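**Student:** Could you have a look at this structure, given as C-alpha cells, before my questions?
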Amino acid sequence: MKFKSFSLMLIAGLLATSAITFSSCKKDDDPKPAPTVTLSSTTFSGKIGETASVTAVVVAAEGLKELRITKYLGTTVDATFGTNGTEIVTDLTHTHDYVLTEGLTTPVRFNFTAEDNEGQTGTADFIITTEPSVSYLLTTYDWLWKSKFGQGFASEPGASEQILDCEKDNYYLFQR
C-alpha cells in the first residue's frame, strides 16, 4: 500500500511538473533582423560644381518607418541641410544628389539611417571629398612672384633668372 500511494504521488508530481512546464513554455517568435541600408557607392571624389549621386536601398522585414539622411561637415552636423541637418524620406529606394560646393578642407558625409516599425535601425555612410579645380586655385589665392626665368636678349646664350629685387613682392590676383 505504501508503494502504491508513493507511486501515485510520484506520478501525480511528474504530471503536475509536466503540465506546468508545457503550459509555461510558449514558442518565442524569432526576432526579425534589423533593417539594412545598401548604398550604390560609399565614396565620391570630384571637383566643385560636380554632382555626387548615391542610391540607398533599404531592406526592412518589419516595414520601413523612415529613412533619415543627415549631412555632416567633418564631424559636425550641417544644420543648413534639411531640417536641422536631417532630411526624412519613407521610400525603400532613394536617390540622393549633391552638387559639390564645399568640402575642400573637410569631407562631407551623408549618414543614411533606416528605422523599421519595431524601432530597430541600420546605417550606411556616403563620404564626399572635393578636389580643388584650377579655377578655384587661381581665384582663391594670391600668386606671389618667386621667379621670372627667361632670356633677356636674343643675343644671350641661354635662359637665366630675370626677376629684379623690386619685383619679388609682386603678385597676381585673379577674379572670377
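Bear in mind that the values in this text are calculations on the coordinates, not laboratory data. Remember, it's a predicted structure, so these values are computed and weren't measured experimentally. Methodologically, a virtual Cβ is constructed for each residue, glycine included, from the backbone with ideal geometry; neighbour enumeration extends over all protein chains shown.
**Student:** Assigning unit charges at the beta carbon (Lys, Arg +1; Asp, Glu -1) and nothing else, what dipole magnitude in debye, to the nearest 20, does segment 36-133 show about its Cα centre?
**Tutor:** Computed about the Cα centre, the dipole is about 220 debye.
**Student:** I'd like the FRET efficiency for ASP142 and ALA79, computed as 1/(1 + (r/R0)^6) with the beta carbon distance as r and R0 of 41 Å, rounded to 0.05.
**Tutor:** 0.80
**Student:** I need the per residue convex hull volume for segment 36-133, using only the alpha carbons, in cubic angstrom as a whole number.
**Tutor:** It comes to 82 Å³ per residue, whole-number rounded.
**Student:** May I pose another question? Averaging sequence separations of C-alpha pairs under 8 Å and six or more residues apart, then dividing by the length of segment 36-133, give the relative contact order as a whole percent.
**Tutor:** Result for segment 36-133 is 40 percent.
**Student:** Here's another thing I want to ask about it. Most exposed first by the Cβ proxy, i.e. fewest other Cβ within 10 Å, how do ASP78, ASP116, ASP169 rank?
**Tutor:** Exposure proxy ranking, most exposed first: ASP169, ASP78, ASP116.
**Student:** For PHE44, PHE174, PHE126, what's the fewest-to-most ordering of other Cβ within 10 Å of each Cβ?
**Tutor:** PHE174, PHE44, PHE126
**Student:** Okay, next question. Using Cβ contacts closer than 10 Å as the measure, can you line up PHE110, PHE149 from fewest to most?
**Tutor:** Arranged by neighbour count, lowest to highest, PHE110, PHE149 become PHE149, PHE110.
**Student:** So, one more: Of VAL108, ASN170, HIS94, which is farthest towards the positive pole of segment 73-176's charge dipole, taken about the Cα centre with +1 and -1 on the beta-carbons of Lys, Arg and Asp, Glu respectively?
**Tutor:** ASN170
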